[in-house]
């Protein structure tokens, strides 16, 4: 027998086993021999290894190319003897096991020479990845890359070079590291990069990592941060809008701390700031087009060119619509046209107006609705001081509470109108500059007070309906909407303590007009005067006395006629008792 061991206790190498087999006439189980292919069959290959019988190798142990076996008759092949003879008298051989032994020797030699091996990551295993380098090897998760990788599955199928950091042929254990090679490569690149790295330098790099606040760029062994604010003169919501992992970029070194090896990078600084030419590109009163990039409660930001945005305030979006939020009339991404209202280069602000593109409808209202014109519209809003009536879309006119009725004392407009009511009104005034229209409803009708003195001269007798009774007298309606006061002193000849004993609401009484105050729109009435006239008393002198002309006789007359401490009719008409 030939001794195939290189030294006592050491396992023979593939080459030693092969050489030993050539030196013997017989082969033994577990030995590696070289043979010649004599025939290729459907599921096996016969190999002549120089023994009395041929050897058989399973066909699936040979590589396939395009579905065809790559072995042919006459080829030399190294095989491992698994058994001397099988049931057919053939030696059982294995090419696959012989190849593995050969690979183990190659890996062992690579370890001794500190060389790298190449392999394909084939699967995810506990603690790391399984790598095929001819035999299965283990790649710990901590040795995959310079930075921890969360998704190791994405590396399956990738081919890399590795360094063997642990090797045990007897146990069949091989541990690899890719990180060791990357660290070595990074250190070599870092030395070169540091020589040319300085503030202001323009450098090439590769996007290595992306975060919400920026992207890390590998400059060659050293990383720099490209902050989101330094990526573009325009608006960037997230760095992923501009970059993907592995993208090559040209950047400028903004700051470099050599001691801490911290690098701040900029991309927009390579290009000119668009604000330097904005004043010439977007002069005041020029029309511009842009894309809506942001919406806020107070307006919309429009990108005119990358890096230059203008604001359309909500008040500048429509002449007539009350825009509560810009989203009611536009969406992000829409292209809009606007007019440049103002530009502030120092603070990088441009004011835009969208309504200015269209004619201001307020400037044509005087032509469409001249003063005195009658309009018809719906009540859109009711306030304490009046009602707003819609004239056309977005344009309302105000009917002040004092212009609702000539005769009715309106405490609140809701007493007469509700939202949605159709009303007619007269245009009283148009203030286009302040965008206000004054309307009147009472002006649709004649002011009855303009004819009261002629219709009801002092001393005339008429009938009235009692509508309200107070401590100081009673109110009587002499025609729709026109009332007069029967003062407590004018109800009866005797002293009247309580008007309710003499009058009640709904009574129809004949009364005499004894006073008219056009300025305050008040009428004095008297039941007592009617009785005196029928008794033949000179009512003219009575009227002069009752009107409170200022004489002492009138005062005493009023007092003696039952006015008591409740005041005179004149007092009431002047507003001392009537509020």
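Which one is nearest to residue 224 (Cα to Cα), of the residues in segment 272-295 that are touching a residue at least 12 places away in the same chain (Cβ under 8 Å) and exposed (fewer than 13 other Cβ atoms within 10 Å of the Cβ)?
Once the filter is applied, the top-ranked residue is 289.
What are the pairs, 6+ residues apart or on separate chains, where a residue within segment 353-365 that is at positive phi and at pLDDT 85 or above has its Cβ under 9 Å from a residue that is surrounded by 11 or more Cβ atoms within 10 Å (Cβ to Cβ) and not in a loop (DSSP other than H, G, I, E, B)?
Close Cβ pairs satisfying both conditions: none exist.
Counting only residues that are modelled with pLDDT under 85 and either surrounded by 15 or more Cβ atoms within 10 Å (Cβ to Cβ) or in contact with a helix residue (DSSP H, G or I) (Cβ under 6 Å, 6 or more places away or on another chain) (or both), how many does segment 395-409 have?
Residues meeting the conditions: 2.
Could you check, for segment 70-78, whether at least one of its residues is surrounded by 13 or more Cβ atoms within 10 Å (Cβ to Cβ), modelled with pLDDT of 85 or more, in contact with a strand residue (DSSP E or B) (Cβ under 8 Å, 6 or more places away or on another chain) and part of a loop (DSSP other than H, G, I, E, B)?
Among the residues of segment 70-78, at least one is surrounded by 13 or more Cβ atoms within 10 Å (Cβ to Cβ), modelled with pLDDT of 85 or more, in contact with a strand residue (DSSP E or B) (Cβ under 8 Å, 6 or more places away or on another chain) and part of a loop (DSSP other than H, G, I, E, B), which makes the answer yes.
Could we say that residue 194 is under 30 Å from residue 310 (Cβ atoms), in contact (Cβ under 8 Å) with a residue 12 or more places away in the chain and surrounded by 13 or more Cβ atoms within 10 Å (Cβ to Cβ) here?
Numbers: under 30 Å from residue 310 (Cβ atoms): no; in contact (Cβ under 8 Å) with a residue 12 or more places away in the chain: yes; surrounded by 13 or more Cβ atoms within 10 Å (Cβ to Cβ): yes.
No, not satisfied.
I'd like to check something: does segment 210-222 contain any residue that is surrounded by 14 or more Cβ atoms within 10 Å (Cβ to Cβ) and farther than 28 Å from residue 249 by Cβ?
Restricting attention to segment 210-222, the residues satisfying the condition of being surrounded by 14 or more Cβ atoms within 10 Å (Cβ to Cβ) are 210, 214-222.
Keeping just the survivors that are farther than 28 Å from residue 249 by Cβ gives none.
For segment 210-222, residues surrounded by 14 or more Cβ atoms within 10 Å (Cβ to Cβ) and farther than 28 Å from residue 249 by Cβ: absent.
When segment 397-407 is examined, which residues are found to be assigned to a strand (DSSP E or B) and within 13 Å of residue 424 (Cα to Cα)?
Residues satisfying the conditions are 397, 398, 399.
Give 218, 187 a once-over and let me know the one that is at pLDDT 85 or above and outside the structural domain of residue 127 (by TED's automatic domain parsing).
218
Hey, among the residues in segment 453-466 that are touching a residue at least 24 places away in the same chain (Cβ under 8 Å) and over 13 Å from residue 511 (Cβ atoms), which one's farthest from the chain's Cα centre (by Cα)? Before the answer, list the steps.
Step one: list which residues in segment 453-466 are touching a residue at least 24 places away in the same chain (Cβ under 8 Å), which gives 453, 456-466.
Those left that are additionally over 13 Å from residue 511 (Cβ atoms): 453, 457.
Working: 453: 68, 457: 72 Å.
Within segment 453-466, the match that is farthest from the chain's Cα centre (by Cα) is 457.
Being closer than 26 Å to residue 208 by Cβ and in contact (Cβ under 8 Å) with a residue 60 or more places away in the chain is true for just one of 131, 144, 116. Which residue is that?
Exactly one residue qualifies, and that residue is 116.
Here is a check on your reading of the model: is residue 200 closer than 30 Å to residue 121 by Cβ and not in a helix (DSSP H, G or I)?
Spelling it out, it is not the case that residue 200 is closer than 30 Å to residue 121 by Cβ and not in a helix (DSSP H, G or I).
Somewhere in segment 82-96, is a residue closer than 26 Å to residue 175 by Cα, at pLDDT below 85 and not assigned by TED's automatic domain parsing to the domain that holds residue 161?
Residues of segment 82-96 closer than 26 Å to residue 175 by Cα: 95-96.
Of the ones still in play, those that are also at pLDDT below 85 are 95-96.
Filter again for not assigned by TED's automatic domain parsing to the domain that holds residue 161, leaving 95-96.
Yes: one or more hits.
What about residue 259, is it part of a loop (DSSP other than H, G, I, E, B), farther than 30 Å from residue 124 by Cα and touching a strand residue (DSSP E or B) at 6+ places or on another chain (Cβ under 8 Å)? Talk me through it step by step, then tell me what you get.
Details: part of a loop (DSSP other than H, G, I, E, B): yes; farther than 30 Å from residue 124 by Cα: yes; touching a strand residue (DSSP E or B) at 6+ places or on another chain (Cβ under 8 Å): no.
In short, no.
So if I check each of 348, 324, which one is surrounded by fewer than 16 Cβ atoms within 10 Å (Cβ to Cβ) and free of Cβ contacts under 8 Å to residues at least 12 places away in the same chain?
Matching residue, one of 348, 324: 324.
Check off (1) part of a loop (DSSP other than H, G, I, E, B); (2) touching a residue at least 24 places away in the same chain (Cβ under 8 Å) for residue 150 and give me the number that stays unchecked.
In the conditions (1) part of a loop (DSSP other than H, G, I, E, B); (2) touching a residue at least 24 places away in the same chain (Cβ under 8 Å), residue 150 misses (2) alone.
State yes or no: is residue 257 out of contact with any helix residue (DSSP H, G or I) (no Cβ under 6 Å at 6 or more places or on another chain), more than 29 Å from residue 154 (Cα to Cα) and outside the structural domain of residue 343 (by TED's automatic domain parsing)?
In short, yes.
Any idea which of (1) free of Cβ contacts under 8 Å to residues at least 40 places away in the same chain; (2) more than 13 Å from residue 307 (Cα to Cα); (3) surrounded by fewer than 13 Cβ atoms within 10 Å (Cβ to Cβ) is the one residue 243 doesn't satisfy?
The one condition residue 243 does not meet is (3).
Yes/no per residue for (1) under 14 Å from residue 456 (Cβ atoms); (2) over 60 Å from the mean Cα position of the chain (by Cα); (3) buried (at least 18 other Cβ atoms within 10 Å of the Cβ):
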| position | (1), (2), (3) |
| --- | --- |
| 486 | no, yes, yes |
| 500 | no, yes, no |
| 506 | no, yes, no |
| 525 | yes, yes, yes |
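Evaluate the following for residue 410: is it part of a strand (DSSP E or B) and either more than 24 Å from residue 519 (Cα to Cα) or free of Cβ contacts under 8 Å to residues at least 12 places away in the same chain (or both)?
no
Only one residue in 377, 333, 390 is over 18 Å from residue 437 (Cβ atoms) and not in a helix (DSSP H, G or I), so which one is that? Give the derivation first.
Numbers: 377 fails: over 18 Å from residue 437 (Cβ atoms); 390 fails: over 18 Å from residue 437 (Cβ atoms).
That would be 333, the only listed residue that is over 18 Å from residue 437 (Cβ atoms) and not in a helix (DSSP H, G or I).
Could you list all residues from segment 412-434 that are farther than 15 Å from residue 382 by Cα, surrounded by fewer than 17 Cβ atoms within 10 Å (Cβ to Cβ) and touching a strand residue (DSSP E or B) at 6+ places or on another chain (Cβ under 9 Å)?
424, 429, 431
Among the listed residues 304, 339, identify the single one that is assigned to a strand (DSSP E or B), at negative phi and within 21 Å of the chain's Cα centre (by Cα).
Just one listed residue meets the conditions, 304.
Residues of segment 351-391 being surrounded by 12 or more Cβ atoms within 10 Å (Cβ to Cβ) and within 14 Å of residue 318 (Cα to Cα), which ones?
Matches in segment 351-391: 352, 353, 354, 355, 356, 360, 361, 362.
The values are calculated or read from the model by the stated rules, or taken from the named source; none is laboratory data. Keep in mind that this is a model prediction, so the values were computed, not measured. With ideal geometry, Cβ positions are generated from the backbone for all residues, glycine too; neighbour counts draw on all protein chains shown.
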